[in-house]
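Read the structure below first, then the notes.
The values are calculated or read from the model by the stated rules, or taken from the named source; none is laboratory data. These figures come from a predicted structure and were not determined experimentally. All Cβ positions, even for glycine, are placed from backbone atoms using ideal geometry, and neighbour counts span all protein chains on display.
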Amino acid sequence: MTCTIIVGGQWGDEGKGKIISYICDKDKPSIIARGGVGPNAGHTVNIGGKSYGIRMIPTGFPYRDAKLAIGAGVLVDPEVLLREIEMLKDFNVRERLIVDYRCGIIEEKHRIMDRNDKHLAKEIGTTGSGCGPANVDRVLRILKQAKDIEELKEFLGDVSETINDALDRNENVLIEGTQGTLLSLYYGTYPYVTSSNTVASSVCSGAGFPITAVDTILGVCKAYTTRVGGGPFPTELQDAIGNYLRDKGGEYGSTTGRPRRCGWLDLVVVKEAVRLNGVSKLAITKLDVLTGLEKLKVCVGYEYEGERIDYLPASVAGIEKCKPIYETLPGWQEDLSGRDLASLPVATKDYLKFISDFVETPITLISTGPGREEVIYTEEIF
């Protein structure tokens, strides 16, 4: 019995929700807890031909035998949460949900400030969910907590105690990180970041249990790279291939609906995420989107001020000077749906092996289509 944390290995929108949902069905955790910042992270879960857009409830909700928990480090928007509880009533979410009584509360004033602030809304490209202004009030010690909200009282509990008790009983626990590593307030491309830290150790802190209790840190990455909003993006493609990736991959923000910027896979970014999180296993999503491209480029370093470097410079100005250095790999034309690992095209397997070798991390999950069942599971997570 183990504890697994799921983290995003890029700038968000990596497909964590699908991977989480799949793992829950297969490995049956007793608790699925949400970490991260708050409702600025959107996830889409597809079940039986129906899509559910989720911003507050853990995306493992389809697995009905698990408690669903929102850790103290998460900002809660009561309106969003209650709306999702009603939307998911067929999944008995109300009866299973625990909201930590220490969660900070987003109010209308925070949303208004987020949407009207020129710097946040226009320059940074915030989602307008109110998370940044709410975190300011939290630092000032004036933010309301979940225990202060009458509508949330039936859900209140101590999530830290719940998780640690489950671990003491040797039960499986799954923790959802909700935003990409490169959006971390500390380690991301500041100031084009979210309002808190997003790496695995911070997710542990926000849910109230020690990093030493974690057995597996699973990093989720797309087979290419996307980003929403402002900020540097060395491998961005503003051409026909970028449009191809966006259209075929349905690359529009889950929370905002904004078109995502698309580009080639940047393994410098992924390797940085592996290091910062201590990722022990990788999941690669949207591999099928690359089908049909004759050649695939993968960024393995940058040309920076006349030299080759293998890291992201500390400043936005520095990153904007970076010219990606690419390795070119053959693409594939074959449909990936319905295949197992052995029957994947040779070029597909070579692409995956290149990723794994470069970041020195095994790939254990591969998504080959939009459906929850279109996942190749190469190793037991639990």
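Structure data summary
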item	result
Within region 324-355, considering residues that are charged (D, E, K, R) and farther than 22 Å from residue 373 by Cα, the one surrounded by the most Cβ atoms within 10 Å (Cβ to Cβ)	350
Yes/no for residue 101 being aromatic (Phe, Trp, Tyr), under 27 Å from residue 142 (Cβ atoms) and surrounded by 18 or more Cβ atoms within 10 Å (Cβ to Cβ)	yes
Residue match in region 103-114 (condition: over 23 Å from residue 199 (Cβ atoms) and in contact (Cβ under 8 Å) with a residue 60 or more places away in the chain)	no
Near pairs, Cβ below 6 angstrom, 6+ apart or cross-chain, from region 77-89 (among the charged types (D, E, K, R)) to any residue that is part of a loop (DSSP other than H, G, I, E, B)	77/39; 77/106; 84/56; 84/57
Criterion: of a type in the set (Val, Ile, Thr) and closer than 22 Å to residue 214 by Cβ - qualifying residue of 54, 19, 47	19
So residue 84, is it among the acidic types (Asp, Glu) and within 24 Å of residue 51 (Cβ to Cβ)	yes
Residue 83 vs. criteria of a type in the set (Lys, Arg), part of a loop (DSSP other than H, G, I, E, B) and at pLDDT 95 or above	no
When residues of region 323-378 are limited to those that are in contact (Cβ under 8 Å) with a residue 40 or more places away in the chain, assigned to a loop (DSSP other than H, G, I, E, B) and among the polar types (S, T, N, Q), the one nearest to residue 20 (Cα to Cα)	368
Looking only at region 140-168, and only at residues there that are in contact (Cβ under 8 Å) with a residue 24 or more places away in the chain, part of a loop (DSSP other than H, G, I, E, B) and among the charged types (D, E, K, R), the one that is nearest to residue 230 (Cα to Cα)	144
Residue count for region 217-264, restricted to those that are more than 28 Å from residue 200 (Cα to Cα) and of a type in the set (Asp, Glu)	2
Residue under evaluation residue 26, criteria (1) surrounded by fewer than 18 Cβ atoms within 10 Å (Cβ to Cβ); (2) of a type outside the set (A, V, I, L, M); (3) assigned to a loop (DSSP other than H, G, I, E, B), criterion not met	(3)
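Residues checked against (1) in a helix (DSSP H, G or I); (2) within 16 Å of the chain's Cα centre (by Cα):
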site: 217; (1), (2): no, yes
site: 231; (1), (2): no, no
site: 242; (1), (2): yes, no
site: 276; (1), (2): yes, yes
